[in-house]
Ligand SMILES: *Cc1c(COP(=O)(O)O)cnc(C)c1O
């Protein structure tokens, strides 16, 4: 069986070494005589899996002790509601920056529970840039400010993390967590669905500064209360145990590789290979320019829909899969998360060169 290069935005590629280890351990997890999927989430074996995953994530992101790490379900989309339900305390006001579809959904959800102000937006240009941010924009009375660090659909990333002063900054980091280094201290809360850069779908990682939990609104369902999950060590109910195990393997893989700074350098090189080609091409064009470009998701287009379709079809036949762009942007998108090897990006650029020669 030949493995292809998978450029999907999510569920996305998982490192081959991780899949091989999971396969090796699948029928008999460390001598238990059963799969990790079949083991009680309160067993000694699974406790070790959970604790090691947390310890390794703490190492990778340099998470300070006064932050809690939670392994939850419900995807990043549940966090769109969980954040306001837990953080709307004093004024029930929040400032959001609208940089794409995911931000929009987060805004719509927060509006159910309090007063939301959109302080900046890039809606006017199909979200192909990150709006100008200055500290004076933020309401000092707001309960929090919300951003999406990397915009998966449009291929933009905040070049700098805004300084929100005393107001806690909340970040949807679903598509670039562990892909580039961030100082966790700049954030009050970080959340991420796992299926982009962490592991299989079904797991949601939350990193929350301790003092932000425990003040949930009265209407908050138990399963949506951070404090409940903190008090129960992410095991108030059955956690997505296999996804946690897989995430743990990915964390180990990343630590063995040298950590986030090392992978960030590799990711920047991978992205540069693609952007350099796009910037010099007479046929292809990147839809985002300048310092807001994402190193995780690279959208690009050809001069016509016919050519876009032809490219996607022929690339797929060549083993370069899931390059179709999001329906709101069109064209192509290459998602090149941590698990995409440099060889995959080189293969894509080679294919694009050939395509340009035979189609211009
Ligand atoms: C994929 C994605 C989401 C949605 O995640 P789910 O886990 O499917 O809810 C939210 N935000 C961003 C930035 C994403 O990339």
Just a yes or no: is a residue in the stretch 209-231 assigned to a strand (DSSP E or B), away from the ligand (no atom under 14 Å from the Cβ) and under 18 Å from the mean Cα position of the chain (by Cα)?
no
(1) within 16 Å of the ligand (Cβ to nearest atom); (2) more than 21 Å from residue 179 (Cβ to Cβ); (3) buried (at least 21 other Cβ atoms within 10 Å of the Cβ): which one isn't true of residue 81, the others all being true?
(3)
Could you pull out the residue among 57, 19, 72, 27 that is buried (at least 21 other Cβ atoms within 10 Å of the Cβ) and away from the ligand (no atom under 16 Å from the Cβ)?
57
The lone condition residue 104 fails out of (1) within 16 Å of the ligand (Cβ to nearest atom); (2) in contact (Cβ under 8 Å) with a residue 24 or more places away in the chain; (3) under 30 Å from residue 323 (Cα atoms); (4) assigned to a helix (DSSP H, G or I) is (2)
Which numbered condition in (1) touching a helix residue (DSSP H, G or I) at 6+ places or on another chain (Cβ under 9 Å); (2) at pLDDT below 95 is the only one that residue 360 fails?
(1)
Give me the pairs: first residue in the stretch 136-148 and touching a residue at least 60 places away in the same chain (Cβ under 8 Å), second residue in a loop (DSSP other than H, G, I, E, B) and surrounded by 16 or more Cβ atoms within 10 Å (Cβ to Cβ), beta-carbon distance under 6 Å, and six or more apart or on different chains, which are they?
144/168
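Each row is one residue, and each column tells you yes or no for (1) more than 11 Å from the ligand (Cβ to nearest atom); (2) more than 23 Å from residue 74 (Cα to Cα); (3) in contact (Cβ under 8 Å) with a residue 12 or more places away in the chain; (4) not assigned by TED's automatic domain parsing to the domain that holds residue 285.
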position: 151; (1), (2), (3), (4): no, no, yes, yes
position: 172; (1), (2), (3), (4): no, no, yes, yes
position: 181; (1), (2), (3), (4): yes, yes, yes, yes
position: 184; (1), (2), (3), (4): yes, no, yes, yes
position: 195; (1), (2), (3), (4): no, no, yes, yes
position: 207; (1), (2), (3), (4): yes, no, yes, yes
Filter the stretch 107-127 for residues that are more than 16 Å from the ligand (Cβ to nearest atom) and part of a loop (DSSP other than H, G, I, E, B) and give the result.
111, 112, 113, 114, 126
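The values are calculated or read from the model by the stated rules, or taken from the named source; none is laboratory data. No experiment lies behind these values; they were computed from the predicted model shown. Every residue, glycine among them, receives a Cβ derived from its backbone with ideal geometry; neighbour counts consider all protein chains shown.
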